[in-house]
Structure formats: structure tokens, C-alpha cells
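Engineer: Below: one structure in C-alpha cells.
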Ligand code: SF4
Ligand code: SF4
């Protein structure tokens, strides 16, 4: 079977598994991203994520992630929910954390996709990744033709916008490849830059995470800087503002993944329940959610900032 035919079969299977997007790129070191990453880290824009500075070589080269890498199959799974869930005084949680932890959902699907690839290419090996792996998933999305990086740094697809989870599989098999997406469809737009409440968007499509509410409320366990606290606008876990204002997200499809449906536990939380949640309740309510990635104490600290 030709490499192009194999790629078509892989994309059809990805679609059967529920992925909205699948593109395939030839594996190569993404050397052009090395300098940008180095400058981003040396200017401190990586916040407390020191590991990003130490592993640049590994991050830009898929062969470091998976020896023998020849191809990168990149998948996209939409998670747009339409309007944001809000309930009077209840804090705002980003759409991506409404349901089951997307890392688990996507990894399950990718493992099934890899199994299928090994059926149609006997002996093929591969390693799945989601966004916490040391690989530049947004850059690979562009290489595989899925979209372009918006000014807010997130990959935008023409049909599904930017509310998409990226993942993929690095493979040791040669396949037929998609053309990289080389257009910049942001053109002269600046809406996300103007809307960001904290001025976190740099002028080279990177984010200064020290000012970004998504980083400060999800990844960081440290205090939220005093000058940022009044700009949190009720955000407890994540921030969708720069995506909400993007014209490419107008009219995009609502997600169809049952696991991403807002959980009953989240729907039932009232303002009082949030405030008085014990560590045991936190573990129980969020054990399957991406919110469970955060430790209880820093989570409750973030909640206390919202009441200042
Ligand atoms: S996620 Fe929020 S704080 Fe971060 S860049 Fe976007 S709008 Fe700004
Ligand atoms: S809001 Fe405008 S500048 Fe920002 S990502 Fe969307 S199209 Fe690009």
C-alpha cells in the first residue's frame, strides 16, 4: 500500500475514534523554534517552568522524544461548549476543565489509533503525546497543516477555531505528508491582544506566563502578583478571554465528546460550597477532572484572591 493510502486510512480511523482533525507531517528537528524558545525563557516569560529551559533540544526534536521518529500524526479534538458556564457568584472555570481530564480522554483515543496503525503497518512503533509531553504540539499542528498560531499563541483551525486539544503520535514509519499551514489568517487583527486583561500577550505570538491568568490559576502554585489580582474577573481555573474574542471562534461547532460534558459535581457547586470545600471533597469532586491536576492548597489560595 502506498504511503499516501496509509495516511488516508490513519485519518479515517482518527475520525472514527472521534477526532475532529488529523494531519501528518514528516518528522524533523524544528530548529527554527529553538531561538524563540531560548529567548522566551531567558526573558523570564516561562515563569516557574524552569524545565522548559533545560529541555529545549529535546522539545524541538521528535527523535529525542521517540528514537527512530519518521512521522508525526497530529490530532485535534474540539472542546467548544458555546456559552461559558456561570452561576451567579460562582467562580469561572475554563471550558477545557468542564468534564473528564482531556489528557486521559485523548491518550485513550491515541492508544487505539496506534493499535490500528500497527495493524495496517506491521512492526510500526510509535509514542503518543498530549500537551504535557516534551514536544511542540502547536508547531507540529502547523507542520501537519491543521492551522496557524494566533497572536495569543494558540493554534487556530479554519473550521474548529482554537478551542481544540492537540495530541498525536510520533511514529517510526514513513507516511504521506500534509503541507504545512503557512498562511497567517490573523492579518491585521489585534482583538486578543487588546482584550487580555493583564497584558500577557507578547508581540511575537508568545505569552508572558507571569501575567497570564491561565498559567497563574492552573500551573503556578505561587501567589498571584498583587497587580494582577484585581484583573482576575472571577477566574478560578484558566482563562478563555483571548479565545472568546477571536473572530475565528465565532460559529465554530460545539464539541461532540461525551467525556467533555460538564460534570454534575461542577454544576452542583454553589459559591458557599466552593468556599468551604475540604481537601477530601476537593479530591472526590475533581478526581477525574483537569482541575485535579492542581493541589488543594494553592487552589484554595486562588479562590481567596477572588474574594479580595
Ligand atoms: S489566557 Fe487570559 S490572561 Fe492569558 S493571555 Fe489569554 S486573555 Fe490574557
Ligand atoms: S483575536 Fe485576532 S489576532 Fe488574536 S488570534 Fe484571533 S484572529 Fe489572531
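Engineer: Add -39500 (n - 2.57) for each DSSP H run of 4 or more in the chain, then divide by its residues: what number comes out at 222 nm, to the nearest 500 deg cm²/dmol? Before the final figure, lay out each step's value.
Structural biologist: Numbers: 13 runs with 99 residues, N = 308.
The helix-only estimate for the chain comes to -8500 deg cm²/dmol at 222 nm.
Engineer: Something else now. Would you mind giving the average projected area, over all directions, of the Cα convex hull of region 167-223 in nm² with one decimal? Walk me through the numbers on the way to the answer.
Structural biologist: Values: hull surface 27.1 nm².
Over all viewing directions, region 167-223 projects a mean Cα-hull area of 6.8 nm².
Engineer: Sticking with this structure for a sec: Looking at region 172-284, I'd like the Rg to Rh ratio, where Rg is from alpha-carbon atoms and Rh is Kirkwood's inverse mean 1/r. Before the final figure, lay out the partial values.
Structural biologist: Working: Rg = 18.7 Å, Rh = 17.8 Å.
Over the Cα atoms of region 172-284, Rg/Rh equals 1.05.
Engineer: Seen from all sides and averaged, what is the projected area of the convex hull of the Cα atoms in region 224-308, in nm²?
Structural biologist: On the way: hull surface 28.0 nm².
Approximately 7.0 nm², given one-decimal rounding.
Engineer: Still on this structure: Take the alpha-carbon centre of region 13-86, take the same for region 129-201, and report the distance between them in whole Å.
Structural biologist: What the calculation gives is 9 Å, centre to centre.
Engineer: Pairs of alpha-carbon atoms within less than 8 angstrom and 6+ residues apart define the contacts here; what relative contact order does the chain have, in percent?
Structural biologist: Working: 523 pairs, mean separation 75.3, N = 308.
For the chain, the relative contact order is 24 percent.
Engineer: Quick check: the angle from helix 296-306's long axis to the longest principal axis of the chain, C-alpha only, nearest 10 degrees?
Structural biologist: Long axis of 296-306 versus the principal axis of the chain: about 60 degrees.
Engineer: Highest first, please rank the peptides 125-132, 253-260 by the mean number of other Cβ atoms sitting within 10 Å of their residues. Write out the running numbers ahead of the final one.
Structural biologist: Details: 125-132: 18.5, 253-260: 15.9.
Ranking the peptides 125-132, 253-260 by packing returns 125-132, 253-260.
Engineer: P(r) for region 47-175: what percent of alpha-carbon pairs falls in each 5 Å bin, starting at zero?
Structural biologist: Bin by bin from 0 Å, the calculated values are 2, 10, 17, 19, 20, 15, 9, 5, 2, 1, 0, 0.
Engineer: Same structure again: Against the longest principal axis of the chain, how steep is helix 3-16, in degrees 0 to 90 to the nearest 10, with axes from Cα atoms?
Structural biologist: Tilt relative to the chain: about 30 degrees.
Engineer: Here's something else I'd like to know. Just order 145-153, 241-249 by mean Cβ neighbour count inside 10 Å, highest at the front, would you? Mind showing how you got there, number by number?
Structural biologist: Values: 145-153: 22.6, 241-249: 19.3.
With the highest mean Cβ count within 10 Å placed first, the list reads 145-153, 241-249.
Engineer: In a solvent-free Debye calculation with one equal scatterer on each Cα, what is log10 I(q)/I(0) for region 111-172 at q = 0.17 Å⁻¹, listed in the order of the q values?
Structural biologist: Listed by q, the Debye log ratios stand at -0.64.
Engineer: For the chain, state the average projected area of the convex hull of the C-alpha atoms over all orientations, rounded to one decimal in nm². Each step should come with its number before you reach the end.
Structural biologist: Details: hull surface 62.7 nm².
Directional mean of the projected Cα hull area for the chain stands at 15.7 nm².
Engineer: How large is the convex hull of the C-alpha atoms of region 253-298 per residue, in Å³? Walk me through the numbers before you get to the answer.
Structural biologist: On the way: hull volume 4.5 nm³, N = 46.
For region 253-298, the hull spanned by Cα atoms encloses 98 Å³ per residue.
Every number in this text was worked out from the coordinates using simple rules, so none of it is lab data. In this text the structure is predicted, and so the values were computed from the model without any measurement. A quick note on method: Cβ atoms are made from the backbone with ideal geometry, for glycine too, and the neighbour counts reach across all protein chains shown.
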